[in-house]
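Below is one structure; the comments refer to it alone.
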Amino acid sequence: MKTLAPTLLVVACACVLVTITGGTPRPAAASAKMPERIDLRDEIADARNEEWRWRRIMGLRPLAARRVRTTTGARYQRWVLRLWQRRARVTRLRAQHPPHRRAFMCIQRYEGPWAAATGNGYYGGLQMDIAFQQRYGRHLLRRKGTANHWTPLEQIWVAERAHRSGRGFTPWPHTARNCGLL
């Protein structure tokens, strides 16, 4: 009886251990982690393309990027994904606040609604003609059509490019004067 109690105690402990761990103990070789194989290239490309899109809208050149191979490790791919996600977030936040946003909002208030296509050769809330759109918003004109199809932020960034090129607010002489910009 004295030898049976310790044996029962050992068996009971083993049963509790198996219940807690969720099964039978595995040999050390079987429980060793295999290298994790993942492919985050699509997610990386999505984040990179978003960052590049915002840079293009702001009139900046896209950042250089190397192709991520499938042979690279999971840890590296996660790092690259976080890098592009962070860059996209920072660029998106920066794009939300153009330097002369308040001035262009004032001009738009006098010019018309953002989706304006009045038939007089001027489009959008800042009333841009085709030559202006081709010069400062070529990629948007090609991809989305005239300025009345662009978002307000895209229209403002195209106007910002014209402002940066040295034209200032002169493409809108009357409304800029009404806003106190000229």
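The values are calculated or read from the model by the stated rules, or taken from the named source; none is laboratory data. These numbers come from a predicted model, not from an experiment. Note that we place each Cβ from the backbone using ideal geometry, even for glycine, and neighbour counts take in every protein chain shown.
Quick notes
- Checking residue 72 against (1) closer than 21 Å to residue 47 by Cβ; (2) assigned to a helix (DSSP H, G or I), the condition it does not meet: (2)
- Residue check, residue 118 over 23 Å from the mean Cα position of the chain (by Cα), of a type in the set (S, T, N, Q), at pLDDT 65 or above and in the same structural domain as residue 168 (by TED's automatic domain parsing): yes
- Of all residues in segment 59-75 being loosely packed, with under 13 Cβ neighbours inside 10 Å and of a type in the set (Ser, Thr, Tyr), the one that is farthest from the chain's Cα centre (by Cα): 71
- Residue pairs whose Cβ atoms lie under 6 Å apart, separated by 6 or more positions or on different chains, with the first residue in segment 57-84 and assigned by TED's automatic domain parsing to the domain that holds residue 157 and the second surrounded by 13 or more Cβ atoms within 10 Å (Cβ to Cβ) and at pLDDT 85 or above, do not occur.
- Subset of segment 141-157 (residues that are on the phi < 0 side of the Ramachandran plot, free of Cβ contacts under 8 Å to residues at least 40 places away in the same chain and either in contact with a helix residue (DSSP H, G or I) (Cβ under 6 Å, 6 or more places away or on another chain) or not in a helix (DSSP H, G or I) (or both)): 141, 146, 147, 150, 151
- Flag for residue 91 being among the β-branched types (Val, Ile, Thr), surrounded by fewer than 19 Cβ atoms within 10 Å (Cβ to Cβ) and either at pLDDT 95 or above or within 24 Å of the chain's Cα centre (by Cα) (or both): no
- Neighbours by Cβ (under 8 Å, 6+ apart or cross-chain): first from segment 97-124, on the phi < 0 side of the Ramachandran plot; second of a type in the set (D, E, K, R): 98/160; 99/160; 100/160; 104/160; 122/129; 123/129
- Each residue in segment 168-182 was checked for being over 17 Å from residue 101 (Cβ atoms) and assigned to a helix (DSSP H, G or I), and 4 of them qualify.
- Among the residues listed as 125, 112, 137, the single one being among the small types (Gly, Ala, Ser) and over 28 Å from the mean Cα position of the chain (by Cα): 112
- The set of residues from segment 94-109 being under 25 Å from the mean Cα position of the chain (by Cα) and not polar (S, T, N, Q) comprises 94, 95, 97, 98, 99, 100, 101, 102, 104, 105.
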